[in-house]
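Below is one structure, written out as structure tokens; comments come after it.
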Amino acid sequence: QVQLVESGGGLVQAGGSLRLSCGASISIVSIYRMGWYRQAPGKERELVAVVTTGGSTTYAESVKGRFTISRDNAKNTVYLQMNSLKPEDTAGYYCTVVYSGIRYWGRGTQVTVSS
């Protein structure tokens, strides 16, 4: 069983920044990929960013150049730095990992960007 706890969401004006954190209940050293997804009301959950153990990253086109995903294995934490936020970034943001063949999700943190 893996528990993921997200934090750092909130209300911010367009153009502002937020930094999301996701703490895992286990060591993440051997977890190959850790990712962030988001889901806006009435929409499907979509991939935002993924980071591998080697530091390789993948981003959704809509966030490239604005968001940065990173991981701190010593703290068992993955981060999502979000800059130049837009109202369309408003969503619940969820951390996810696959461990022993099972995908785990956090409960999410809400990000609201006002225009």
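The values are calculated or read from the model by the stated rules, or taken from the named source; none is laboratory data. What you see is a predicted model; the values in this text were computed from it and never measured. We place every Cβ from the backbone using ideal geometry, glycine too, and count neighbours over all the protein chains shown. Protein only, heavy atoms only, side chains kept; ligands, DNA and RNA dropped before computing areas. Shrake-Rupley method; radii C 1.70, N 1.55, O 1.52, S 1.80 Å.
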Among the listed residues 96, 58, which satisfies the condition of being open to solvent by less than 50 Å² (accessible area, probe 1.4 Å), of a type in the set (Ser, Thr, Tyr) and over 15 Å from residue 17 (Cβ atoms)? 96
Are there any pairs with C-beta distances below 9 angstrom linking a residue in the stretch 79-108 that is under 23 Å from residue 3 (Cβ atoms) and assigned to a loop (DSSP other than H, G, I, E, B) to a residue that is open to solvent by 70 Å² or more (accessible area, probe 1.4 Å) and not hydrophobic (A, V, I, L, M, F, W, C), with the two at least 6 apart or on different chains, and if so which? 106/3
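Would you mind finding the one in 50, 63 that is part of a strand (DSSP E or B), among the hydrophobic types (A, V, I, L, M, F, W, C), at pLDDT 95 or above and in contact with a strand residue (DSSP E or B) (Cβ under 8 Å, 6 or more places away or on another chain)?
Only one candidate qualifies: 50.
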Single unsatisfied condition, residue 43 versus (1) under 26 Å from residue 87 (Cα atoms); (2) open to solvent by less than 80 Å² (accessible area, probe 1.4 Å); (3) not acidic (Asp, Glu): (2)
Filter result for residue 85 (in contact with a Cys (Cβ under 8 Å, 6 or more places away or on another chain) and among the aliphatic types (A, V, I, L, M)): no
Condition test on residue 30, is it touching a Ser or Thr at 6+ places or on another chain (Cβ under 8 Å) and not in a strand (DSSP E or B)? yes
Can you find, within the stretch 16-27, the residue that is nearest to residue 89 (Cα to Cα) among those that are open to solvent by less than 50 Å² (accessible area, probe 1.4 Å) and outside any strand (DSSP E or B)? 16
